[in-house]
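Okay, so here's the structure we're looking at.
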Amino acid sequence: MQALVDAVREQGVILPGGILKVDGLVNHQLLPHLTREMGERFAAGFGPLKPNKIVTIEVSGIAPALATALVLNVPLVYARKKKPITMQEPTFTAQSLSRTKGGVVDLFVSSEYLGPEDRVVVIDDFLASGGTLRSLAGIIALSGAELLGLGCVIEKGFEEGRAKLADLGVPILTLANIVRMSEAEGLVVEAGR
């Protein structure tokens, strides 16, 4: 997705602690045409696997995941970071370390919306160390659903999260890959893989 690669190069800001700020594309403001293109690309890559659900984590994963779900015409389920009083038991839970939140985040998915009959593709905003995606894969395993693939808008390839998730045995599709990132060199971005 060259449009995404170009947008990350133009708008991405490197913050201390290895954080890439792309709030104008994914995390705070959305560009509808770009988000739609993300969904189309994920759907083209994962559609042949015949998923019946897309799963993500609130908040930043929702837009690309919804665009994917729309193209595939399947429901979207998102893990909540705080359990609402309306969420019925049993729930599937996991914890994930979040650099942008500055600590451990709890994740919750209701058994009402995820179960053994589901064939799931996960769509999220970032693949860095792989910890958050592993936590979500754990929730999917707890539910009895089948994990078919992982899709992320931006991969920080230098953090080797892809290799850390290889044991899950599913395809991983990213749309933009950060090859290098430093305040001195700036961003080196290429098409995803």
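The values are calculated or read from the model by the stated rules, or taken from the named source; none is laboratory data. Keep in mind the model is a prediction, meaning the values are calculated, not measured. Using ideal geometry, Cβ is built from the backbone for each residue, glycine included, and neighbour counts are taken over all protein chains shown.
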_Being charged (D, E, K, R) and on the phi > 0 side of the Ramachandran plot is the requirement here; does Lys50 meet it?_
yes
*Any idea which residue in the stretch 171-193 is farthest from the chain's Cα centre (by Cα), counting only those that are surrounded by fewer than 19 Cβ atoms within 10 Å (Cβ to Cβ) and outside any strand (DSSP E or B)?*
Ala184
*Candidates Val26, Val5, filtered to the one that is within 19 Å of Gly157 (Cα to Cα), of a type in the set (A, V, I, L, M), at pLDDT 95 or above and surrounded by 17 or more Cβ atoms within 10 Å (Cβ to Cβ)*: Val5
*Being among the aromatic types (Phe, Trp, Tyr), over 16 Å from the mean Cα position of the chain (by Cα) and within 21 Å of Ile19 (Cβ to Cβ) narrows it down to one of Phe92, Phe126, Phe158, so name that one.*
Phe158
